Amino acid sequence: MTGTDEQQWVLASHNEGKVREVRRLFEGLPIVLRSTADFELPEPEETGATFEANAELKAVAAASAAGLPAIADDSGVEVVALGGEPGIHTGRWAGPERDFDVARRRVEASLEQAGPGASRRANYVCVLCVAWPDGRTRIFRGDAGGELVWPIRGDLGHGFEPMFLPDGYAITYGEMTPEHRLRVNARAQAMRKLRDALFARVPTGGT
């Protein structure tokens, strides 16, 4: 895993925002990320009860079908006042069209129903799973605490990013440039763990 020859991996995602971000995170590593579209792979149903389980089932399915190492991402927002929802159901809150404006409005409406004293604390979670065709897997998790704001702020992110104000910052993920967000968000945290575990001796150029 630490050689200089480039390897082909499959990026098991149909979410264009995630694909762009994960590909940026892999810049400088000896990996060529091919998309599931290159192999016409279907998106498996996310039946897991945790982010880890869902990331693993997507990565394992892609690795098995393509015969190559695969990486999958599962991420979402856990809202304290909503008992951790949307959590692993973040995509489902967006409806069949995966419209995250719908999902954000549903979360805000639920917070308003919870009352004026309801906590707006939330945890952004990202789990990356790498799977190999022989069945081996490695899982890496990142967490970022913060608060949800309304109205949303910024149009530089996707999903719940324009609604999420990370701890220690005065701007939401949706107001950060992609380069800034890639240094501080939960996906970047998970990627640092992956890079340290699998590519410790490979110079990355400072992603």
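Please determine whether any residue of the stretch 58-67 is of a type in the set (D, E, K, R), in a helix (DSSP H, G or I) and over 25 Å from Gln189 (Cα atoms).
No: the stretch 58-67 contains no residue that is of a type in the set (D, E, K, R), in a helix (DSSP H, G or I) and over 25 Å from Gln189 (Cα atoms).
Test each condition in (1) modelled with pLDDT of 95 or more; (2) polar (S, T, N, Q); (3) part of a helix (DSSP H, G or I) for Thr90 and report the one that comes out false.
Unmet condition: (1).
Hey, could you check the stretch 37-87 for residues that are charged (D, E, K, R) and at pLDDT below 95 and say which is nearest to Phe160 (Cα to Cα)?
In this case the residue turns out to be Asp74.
Are any of the residues in the stretch 120-139 modelled with pLDDT of 95 or more and part of a helix (DSSP H, G or I)?
No, the stretch 120-139 has no match at all.
So which pairs qualify, if the first residue must be in the stretch 166-187 and among the aliphatic types (A, V, I, L, M), the second must be in a helix (DSSP H, G or I), the Cβ gap must be under 6 Å, and the two must be at least 6 apart or on different chains?
Filtered contacts from the stretch 166-187: Leu182/Arg24; Leu182/Ala188.
Considering each residue of the stretch 16-49, count those that are out of contact with any strand residue (DSSP E or B) (no Cβ under 6 Å at 6 or more places or on another chain), free of Cβ contacts under 8 Å to residues at least 60 places away in the same chain and not in a helix (DSSP H, G or I), and give that number.
The number of residues fulfilling the criteria is 10.
Taking Cys129 as meeting all but one of (1) of a type outside the set (Asp, Glu); (2) touching a residue at least 12 places away in the same chain (Cβ under 8 Å); (3) exposed (fewer than 15 other Cβ atoms within 10 Å of the Cβ), write down the number of the exception.
(3)
The values are calculated or read from the model by the stated rules, or taken from the named source; none is laboratory data. Since we're looking at a predicted model, the values are computed, not measured. Ideal geometry is used to build each Cβ from the backbone, glycine not excepted, and the neighbour counts take in all protein chains shown.
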